[in-house]
Amino acid sequence: MKSEIKRSVCPYDCPDACGLLVEIADGQAVKVKGDPEHPFTKGTLCPKMVHYERTVHSPQRLTQPLLRIGEKGTGQFKPISWEEAIERIVDRWQGIISNNGAEAILPYSYAGTMGTVQRNCGEGFFHRLGASRLARTICSSAKSYGWASVMGETMAPHPEEVGKSDFILLWGTNVLATNIHLMHYIREAKKRGAAVWLVDTYENPTAQIVDKVVLVRPGSDGALALGIMHILVRDGLIDQEFIERHVQGFAQLRTKILPDYPPAKVSQITGIEVSLIEEMALRYGKARAPFIVLGSGLCRYGNGAMTVRTITCLPALVGAWGNPGGGLLASISTGKVFHTQRVTREDLLKEPTRVVNMNQLGYALTELAKPPIMSMYVYHSNPAVVAPDQTMIIKGLMREDLFTVVHERFMTDTACYADLILPATSSLEHSDIYRAYGHYGIQRAAALIPPIGEAKSNWEVFQLLAQAMGFEEEFFQQTTDELINQMIDPPAPWLESIDLAKLQAGYPVELSLPENYKTTFLTPSGKIEIYNPKDADNLPHYFEPYGDDAQFYLMSTPSVYSLNSSFNERPDLLRKRGAAYLQMHPKDAESKNLLDGQKVIAFNARGEVAFILKLTTSVPQGVLVTEGLFSSETVPGDSTVNALTSQRLTDRAAGSTLYDVKVDVRLWK
Ligand code: SF4
């Protein structure tokens, strides 16, 4: 059989946005490899994507629209035609709009696909409809806020900076699971003699490649950063010249804040030995070019935005930005590279509509009034698994008067509660254009194979719905490829220096960064703003996260073999991931009379979740860890980990507090 190799992009919610080479034979994807020509990912893929063809052609793919015929949540459906499905949705929505207004309809989506068009096009449709809007803040809004409050719109460093550093701090990140291609630069730096330290709440799998691990009490990272700053100032390890030239507010920080964070106090807050805090500060202060790689988990606490803001101040004190290899990488923002507003179409919103926070879906579905949510349209997201306070969400999804539509590739936990399920295409069946949040590459990808069964892309479904609703705007008539063309025509300033023909042909292309971008601080003052006059809290300081009244912190962390709730359809990856384990320190287990391998229940005021206990000294006492999000089918009990998490929001930017959770544990009898 003759085959050909075509380029594509990994569509999942991961900073790396890998370039793919897909072998196509007879209209099927038969093999997927990394693209060696990709400037950042250079031909390697993570274990999840090396057999992406198994996901695309999985026998579990949904291939037809399905109508619920049994009780909600029991998974009983019958196939119907697309015509009937669209008619039913539009009939129901027109009734809801007449009775309750269009704000009674809630779209729910996040990052099941990261393609600019397919990810965002629903917003254009729902703005035109006048539906409630969704605050999409589940992942890292507090992280972005924390970075921006110090650095404004300053460009993030190119990841190759990591390779030039002599002291790398991986802070709250498991790069082996979430940013694997950064390893290339970490190895490069190590070869040149750099030291690599990991700061985290447990010895995550990346601990195996670092020189030292610093275990910090969950939610106290901001205090650690202030303690380091205290020592840097005390010991004269600051770069006075850089500070005078480039920093706003150092004097206030030095006199008003830092005296409150001596090492002994910081040790009490963080649980880290004084000697280790001193050593860390000394290494950081004496390094030629210290570089911090900042993860996202630490922003998901009640103090998450302030934590990120505080850590982001550190490089300024030692003038790290001025040296090749120095700085801090939180996330790369290339939002202005495409004309995304041409698919989000805020101009179609006749008047501002209600905003519902995606982290408070349980509340929205069960308590929100005036109007209540009467219909939810879920696309490329799985809130029954990924959103906090699962018990309340399920209660909402069980409402007989709630009309739920789910557009999906697989029968997810959320889809089980739907009234109508629509089959969705995979990234190989539709076209799109991608940017990344871990590097400066962009890439256009064409549809490579025909849709599986009757699957349709996000945009195709919104076009059908628009037509049935009688929306006459030209926007809804455009094909996906026309929308992609509009993303880059005319090219935004950033695209002017790239080879557009290469981009159009589907090759990965890297955006170039201006000279001296690392010391061009795009803030209102033109300086790094340790003192931020716009925030009611003008200076960084530490305050406690929420916590709960329970014994153990619970960390729900990423797995190498899954990504949020994606890849649960893959038996090969499920086998590698193993059971839903709860990792516990042996001394904690002893104090509770628990044994390795036992079924246990983690519980708090919000819910109860069953796990298999795994004893390990990789987690400190007082901390429990579970890796990966499982579907309800693959866990020992009925609920999954987000039955334990809370709808509370971060201190700024209304983010999720998925790590700010405590539980107790008992044997499952
Ligand atoms: S999930 Fe991330 S690392 Fe894995 S292939 Fe996709 S972009 Fe690359």
Requested in this report: Mind jotting down the three principal axis lengths of segment 216-321 based on Cα atoms? Whole angstrom, largest first.
Outcome: 35, 27, 26
Query raised in the report: Taking the Cα atoms of segment 147-289 alone, what are Rg (to one decimal) and Dmax (as a whole number) in Å?
Result: 15.6, 41
Query raised in the report: Can you give the angle from 0 to 90° between the axis of helix 182-191 and the longest principal axis of the chain, with both taken from C-alpha atoms, to the nearest 10?
Result: 30
Query - FRET efficiency for Glu23 and Asp235, using Cβ-Cβ distance with R0 set to 56 Å, rounded to 0.05 - result: 0.45
Query - Alpha-carbon centroids, segment 1-68 and segment 409-427: separation in whole Å - result: 20
Requested in this report: Would you rank Tyr659, Tyr12 by solvent-accessible area, highest first, keeping every protein chain in place and using a 1.4 Å probe?
Outcome: Tyr659, Tyr12
Report summary line: Computed from the beta carbon distance with a Förster radius of 51 Å, FRET efficiency for Lys669 and Lys534 to the nearest 0.05 stands at 0.40
Query raised in the report: Of all the accessible heavy-atom surface of the chain, with the other protein chains kept in place and a 1.4 Å probe, what percent is carbon and sulfur?
Result: 49
Query raised in the report: When the Karplus curve 6.51 cos²θ - 1.76 cosθ + 1.60 is applied with θ = phi - 60°, which whole-Hz ³J(HN,Hα) does each residue of segment 585-590 get, with x for Gly and Pro?
Result: 5, x, 5, 5, 5, 4
Query raised in the report: Share of antiparallel DSSP beta bridges in the chain, in percent to the nearest 5?
Result: 45
Report summary line: To the nearest 10 degrees, the tilt of helix 458-469 (Cα long axis) against the first principal axis of the alpha carbons of the chain is 50
Query raised in the report: Going by accessible area, probe 1.4 Å, with all protein chains left in place, what is the ranking of Tyr546, Tyr379, Tyr531, largest first?
Result: Tyr546, Tyr531, Tyr379
**Report entry** Orphan Cys of the chain, criterion: no other Cys C-beta under 4.7 Å
**Finding:** Cys14, Cys46, Cys121, Cys139, Cys299, Cys313, Cys416
Report task. For segment 239-290, report the convex hull volume of the alpha-carbon atoms normalised per residue, in Å³, without decimals. Result -> 93
Query raised in the report: Mind listing which GluC sites (Glu not before Pro) in segment 84-157 are in a DSSP loop and have 16 or fewer other Cβ atoms within 10 Å?
Result: Glu153
Query raised in the report: So what are the chain's ellipsoid semi-axes, whole angstrom, largest first, if each one is the square root of 5 times an eigenvalue of the alpha-carbon gyration tensor?
Result: 39, 30, 25
Requested in this report: Restrict the search to segment 394-500; then list the GluC sites (Glu not before Pro) that DSSP places in a loop and that have at most 11 other Cβ atoms within 10 Å of their Cβ.
Outcome: Glu400, Glu472
**Report entry** Helix-derived mean residue ellipticity, 222 nm - over the chain, DSSP H n ≥ 4, -39500 (n - 2.57), to 500
**Finding:** -7500 deg cm²/dmol
Query raised in the report: Å³ per residue of the Cα convex hull, for segment 1-90?
Result: 167
Query - Computed accessible area, Arg606, all protein chains, 1.4 angstrom probe, square angstrom - result: 50
Query raised in the report: Where nothing but the Cβ of Lys and Arg (+1) and of Asp and Glu (-1) is charged, how large is the charge dipole of segment 472-515 around its Cα centre, in debye to the nearest 20?
Result: 240
Requested in this report: With a 1.4 Å probe and every protein chain left in place, work out the accessible area per residue of the chain in Å², rounded to a whole number.
Outcome: 37
Report summary line: Per residue convex hull volume, Cα only, segment 288-382, in Å³ is 187
Query raised in the report: How big is the antiparallel share of DSSP beta bridges in segment 554-669, given as a percent to the nearest 5?
Result: 60
Query raised in the report: Which residues in segment 234-262 place their backbone N less than 17 Å from a point set 7 Å from the Cα of Leu282 along the Cα-to-Cβ direction?
Result: 234-238
Query raised in the report: segment 269-352: which trypsin sites (Lys or Arg not before Pro) are DSSP loop and have at most 16 other beta-carbon atoms within 10 angstrom?
Result: Arg288, Lys350
Query raised in the report: Angle between the Cα long axis of helix 141-151 and the longest principal axis of the chain, 0 to 90 degrees, nearest 10?
Result: 40
Query raised in the report: When only the heavy atoms of the protein chains count and the probe is 1.4 Å, how do Glu188, Glu273 rank by accessible area, highest first?
Result: Glu273, Glu188
Report task. For an R0 of 35 angstrom, estimate the FRET efficiency from the Cβ-Cβ distance between Ile5 and Gln477 and round to the nearest 0.05. Result -> 0.55
Report task. State, as an integer percentage, the relative contact order of the chain based on alpha-carbon contacts under 8 Å between residues 6 or more apart. Result -> 21
Query - D (Stokes-Einstein, µm²/s), Kirkwood Cα radius, segment 285-339, 0.890 mPa s at 25 °C - result: 196
Requested in this report: Using every pair of alpha-carbon atoms in segment 478-634, split the distances into 10 Å bins beginning at 0 and state the percent of pairs per bin, rounded to integers.
Outcome: 8, 21, 16, 20, 24, 11, 1
**Report entry** Cα gyration tensor shape of segment 377-426, rounded if a/c is under 1.5, else prolate or oblate by comparing a/b with b/c
**Finding:** oblate
Report summary line: Farthest towards the positive end of the dipole of segment 282-409, among Met358, Tyr284, Thr340 and with Cβ unit charges of +1 on Lys and Arg and -1 on Asp and Glu, lies the Cα of Tyr284
Query raised in the report: Based on the alpha carbon coordinates of segment 118-219, what radius of gyration and maximum Cα-Cα distance (Dmax) apply, in Å?
Result: 18.3, 58
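The values are calculated or read from the model by the stated rules, or taken from the named source; none is laboratory data. For clarity, every value in this text was computed on a predicted model and none was experimentally measured. No Cβ is skipped: glycine too gets one built from the backbone with ideal geometry, and neighbour counts run over all protein chains shown. Side chains included, ligands, DNA and RNA excluded: accessible areas come from the protein's heavy atoms. Shrake-Rupley method; radii C 1.70, N 1.55, O 1.52, S 1.80 Å.
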